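Structure first, commentary second.
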Amino acid sequence: MSERMERFLAWRDHVASGDSERAIAARMGIGNNRVGRHLRESDPPVAETVIDFARAYGVNPVDGLVAAGLLTRDEALRAAASEPLRAATGLQLLDELARREKERLRRSETADDTGTEASPPKRKRWRRDIDISEGLLT
């Protein structure tokens, strides 16, 4: 059995909390032979059945597709991030950038307090840029 299949079966067993294939099939509303063929014997598991299984147990189907090796974690994360980024307004994106820069500054100031050296001119420049971005957002 492949490492990918072992990882998927571990995920499936965790989600199903020890339910038998017959119990899984009943919950999904399909025959237990299909569960065995699609979720145990097929390597990789059948994507449509993985999705149906996840929905029947109320978990995110993407996690099942990643566990089955049908999607990589990076692909799942990119897909999850792309739509909200497209839907965000320019103002929301600027606000997020300003928040991240403020956080980065706080971290660098904390590093300064612990004795790590940071160049003062660069910190001043970033502070100026944050002041400018805050002005844009008000």
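Just wondering, is there one or more residues in region 58-78 that are at positive phi and surrounded by 13 or more Cβ atoms within 10 Å (Cβ to Cβ)? Scanning region 58-78 turns up at least one residue that is at positive phi and surrounded by 13 or more Cβ atoms within 10 Å (Cβ to Cβ). Candidates in region 40-57 are the residues that are open to solvent by 70 Å² or more (accessible area, probe 1.4 Å) and closer than 18 Å to residue 6 by Cα; of these, the one that is farthest from the chain's Cα centre (by Cα) is 41. Checked against the criterion of being touching a Lys or Arg at 6+ places or on another chain (Cβ under 9 Å) and assigned to a helix (DSSP H, G or I), region 81-101 contains not a single residue that satisfies it. Pairing residues of region 22-44 that are at pLDDT 90 or above and in a helix (DSSP H, G or I) with residues that are open to solvent by 70 Å² or more (accessible area, probe 1.4 Å) and of a type in the set (Asp, Glu), at Cβ distances under 6 Å and at least 6 apart in sequence or on separate chains, gives no pairs at all. Taking region 4-39 as the range and being touching a Gly at 6+ places or on another chain (Cβ under 9 Å) and open to solvent by 60 Å² or more (accessible area, probe 1.4 Å) as the test, the residues that pass are 4, 7.
The values are calculated or read from the model by the stated rules, or taken from the named source; none is laboratory data. All values derive from a computational prediction rather than experimental measurement. Cβ coordinates were reconstructed from backbone atoms using ideal geometry, including for glycine residues, and neighbour counts include every protein chain displayed. Just the protein is used for accessible areas: all its heavy atoms, side chains included, with ligands, DNA and RNA removed. Shrake-Rupley method; radii C 1.70, N 1.55, O 1.52, S 1.80 Å.
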